[in-house]
Structure formats: structure tokens, C-alpha cells
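Only one structure is covered here, and it is reproduced in the block below.
FYI, it's all coordinate maths here, none of it is from the lab. Nothing here was measured: the structure is a model prediction, and the numbers come from that model. Cβ placement follows ideal geometry from the backbone for every residue including glycine, while neighbour counts extend to all protein chains displayed.
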Ligand code: CP3
């Protein structure tokens, strides 16, 4: 049996054509996504409706034939399962009740008490394993503890993660306790996704770049290493992709330090730099600037070829450097895939 292309790349194989998928490939740039979200009512209802969540996961696979599907859910469902209130303000983003005191931390549920709330997500995974084409890899995911903590501490997204940095400085014990709880809960959550049928899991540390020096080691590297070590003990053959976004120099050695099978790279670094500094240790994923999905044209073709060429010498999964944005043109996604596969 020839294995799926993404799994081959994750095992370290250099392929003539890189497999491709996109962060946020099921999203608002697609009219069929917007129609299904309207049917569900709102974004969170869509996440918890297993049939409809599976449907939006499948939409970009049908339209484009991506090599991987990513489970449709959100990194903020885990804190919700731990007991915080979560809602989305239209046009603004997530809002949640904050956790900043020892009492609020103690009031959260235990790390392994999240599965009743998250059961619909596991059901989405089971539906997808039945319905995806045989060649398409199913990726599960969770947020990394630091990134999830930044939302829980601030109660919303922040430009500089100021509230989380402030709590880390003012009450180290509460901050570290929250990171600890999230680390254990993430292990429990990803384990259940794998049991349900996820073939690969990805850890999204979107705000890793704001951790400097020893903080990066303590709160980006160490939790990822703990999560990956625990998952590998239970599921030695399930590859893990880590995305410490905007880590810069922190990308160097990240796979070795954490045990990740692949490091996803954002577009603040060049593919040549990432090939020389990161791909020498194994598979990398990335890193086309998502703006090309809006602007298109010859610049998109040239930039896509550039990424493919730079990573040609080693294992590579083509992706954007961050999620595709709602203003992207679906035709540009088709042009990107055509360029990757046919030159
Ligand atoms: O990649 C995928 O398509 C899989 C599903 C997925 C979503 N969010 C769906 C989503 C994944 C992997 C995420 C991860 C996520 N969620 C991250 C880490 C990756 C990143 O983007 O940096 C973060 C920080 C979140 C939290 C979150 N969810 C924010 C800040 C927002 C609002 C901003 C926005 O893009 O609207 C969301 C909402 C969200 N998550 C949407 C989708 C498709 C848009 C919701 C809608 O339909 O209105």
C-alpha cells in the first residue's frame, strides 16, 4: 500500500511534488462555508454540530482536492470545556470570562473532565474518517497552552498578549498552574481526537513569537515537549506538527527539543532561511504569504514556485504562513494548487 503523501512527508520523505493543504481552508472565503454556517446559526453552533462541521471540513476537499483535511473546530473550545464562558462578537472575534486569580483557576474543571462537552468534536472526527477520500489525511488539532492562556487571561484576543505577560510577572504560580492544566487537558483532548481517527495532530502556538528568551523555553518549548512526549508514548506512529508562529530564531532546533515531526513556519521568515535552519532537522510546513490568496496574478505564481523551489531538497508540506483570510478569492487557491502540482 502506498501511503498518503502527507504521512510520507511527515516521516521524512522528500517528494517530487509537495503535498498541500491550507490553514483555515474551510472558512469564510468560500460561499459554501458561509451557507452552511448560516444554516447552523453561528460559528460555535457550527463547531458543535458534528454533521455540519464535517460538511464544512469536506467542502475544500471536494472543491480543490487538498492532500489533508483539518478538523473543523476551534482552539477555544478546550477552555470552554474547562468551564469558561465563550462567545464570538460578530466582526470582532472571541470573548471569554477571564481566569486571572487562584480562585478562578481552582474553579476550572479537571483536565480529564472535558470530554462530555467535546464529544461532538470527536464525532466530527469519526464522520470524517468515514467520508474523506482514501488519499486525504485527517489532521486534528489543539491550541498550545501559551496561546490558549493568552485568550483566557485577557478574555479576548490582544495585539501584544499584555495581560498574559502581566500575570506571568505578577503571579507566577497562578500563571504556571494555568499552563499546567492546559498542558494536561491538551494531552487528553488530542488523545481522544486520535482515538476517534485523527491521523496527524497539530499544535497551534499562534502567539509563541511574543515569548522571549527563557520564557520561550518554559512556555512554548516545554509544554509542547510534554504534550508530544505523552502523545508519542500512547500513539507512537501518529505524527505531530508544531506551529510556534513568529518564533524566528526559536524555530531552530524546535523539532529536536519538542519531538515534533514537523515544524510549521510562518511567512515572516524566508523559505531559504527555513530550509537552511529548520528543514535540515526534518519536515517543514509552509510558508506562502496568505496575502497572495487575495491579490493573485503572476506574483502568486512566482511566490508559490519560490516556496516549492526553496524547500525542494527535503521533506516539505506546502501551506500558507497563516490562515487564509475571508477576503481571499477562491480562484487564487486553485491557481496556487495548479502551480504546485504542475509547475
Ligand atoms: O484551519 C482550519 O480551518 C481548522 C479550524 C480552525 C479554526 N480556528 C476555525 C475558525 C483552527 C485550526 C483554528 C485555530 C485558531 N482559532 C487559532 C490558531 C491559529 C491562528 O489562526 O492563529 C486561534 C488563535 C483561534 C481563535 C479564533 N477563532 C479567533 C481569534 C477567531 C476570530 C478571528 C477570525 O478569523 O474570525 C476565531 C474564529 C474562527 N475559527 C473562524 C474559523 C473558520 C471564523 C469564524 C466564522 O466563521 O465567523
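Relative to the dominant Cα principal axis of the chain, helix 222-234 is inclined by about 70°. Hydrodynamic estimate: the Kirkwood radius of the range 114-249 over Cα pairs, inserted into Stokes-Einstein at 37 °C and 0.692 mPa s, corresponds to D of 210 µm²/s. Reducing the range 88-138 and the range 255-307 to their Cα centroids gives an inter-centroid distance of 28 Å. The Cα-based radius of gyration of the chain, divided by its Kirkwood radius, gives an Rg/Rh of 0.94. As I understand it, the value is the acute angle between the Cα axis of helix 31-40 and the longest principal axis of the Cα atoms of the chain; what does it come to in degrees, rounded to 10? Relative to the chain, helix 31-40 is tipped by roughly 30 degrees. Note on the chain: GNM, Cα springs under 10 Å; of 207, 273, 21, the largest mean-square fluctuation is that of 273. Between 0 and 90 degrees, rounded to the nearest ten: what's the tilt of helix 115-131 against the longest Cα principal axis of the chain? Roughly 10 degrees, rounded to the nearest 10.
Ranked highest first by average number of other Cβ atoms within 10 Å, how do 296-303, 307-314, 150-157 line up?
Those peptides, ordered most packed to least, come out 150-157, 307-314, 296-303.
Once C-alpha pairs closer than 8 Å and six or more residues apart are averaged by separation and normalised to the residue number of the range 254-300, the relative contact order reads 37 percent.
If I build a Gaussian network model for the chain, linking alpha-carbon pairs within less than 10 angstrom, which residue out of 267, 319, 287 has the largest mean-square fluctuation? Comparing 267, 319, 287 in a Gaussian network model of the chain, the most mobile one is 267. A straight line joining the Cα centroids of the range 218-238 and the range 1-36 runs 23 Å.
Applying Stokes-Einstein at 10 °C and 1.306 mPa s to the Kirkwood radius of the range 72-163, computed over alpha-carbon pairs, gives a translational diffusion coefficient of 108 µm² s⁻¹.
Binning all Cα-Cα separations of the range 106-158 at 10 Å, short to long from zero, yields these whole-percent fractions: 18, 36, 31, 14, 1.
If the chain linking residue 268 and residue 169 were pulled fully straight, counting 0.36 nm for each residue of separation and taking away their Cα-Cα distance, it would gain 32.9 nm. Mean residue ellipticity at 222 nm, helices only, the chain: -14000 deg cm²/dmol; runs of at least 4 DSSP H residues each add -39,500 (n - 2.57), and the sum is divided by the number of residues.
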